Amino acid sequence: MKLNSDDHKWLGDKPARRVFLALGADNVRFVGGCVRNALMGVDVADFDMAT
């Protein structure tokens, strides 16, 4: 399932964008609780990323 930034505003937060720009979008993935919460429809308070 692909998450949509229109539905999940945290995907476009400035810190997340900076990581994606620095490392390249093909090299970074959101992982952990932020993905779980987004899929469950719960607010995302923080996010984890993996390279």
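Taking the condition of being among the aliphatic types (A, V, I, L, M) and under 9 Å from the mean Cα position of the chain (by Cα), how many residues in segment 11-37 meet it?
Count: 4.
Is at least one residue of segment 23-43 surrounded by fewer than 11 Cβ atoms within 10 Å (Cβ to Cβ) and of a type in the set (S, T, N, Q)?
No.
Which pairs do you get when a residue that is within 15 Å of LEU11 (Cβ to Cβ), found in segment 36-51, comes within reach of a residue that is β-branched (Val, Ile, Thr) and in a loop (DSSP other than H, G, I, E, B), reach meaning Cβ atoms under 7 angstrom, with the pair 6+ apart or on two chains?
Every condition considered, the pairs that remain are ASN37/VAL44; ALA38/VAL44; MET49/VAL28.
Scan segment 1-26 for residues that are within 12 Å of ALA50 (Cα to Cα) and at pLDDT 90 or above and jot them down.
If the condition is that a residue be within 12 Å of ALA50 (Cα to Cα) and at pLDDT 90 or above, then LEU23 is the only one that fits.
The values are calculated or read from the model by the stated rules, or taken from the named source; none is laboratory data. Everything numeric here is computed off the predicted structure, so don't read it as measured data. With ideal geometry, Cβ positions are generated from the backbone for all residues, glycine too; neighbour counts draw on all protein chains shown.
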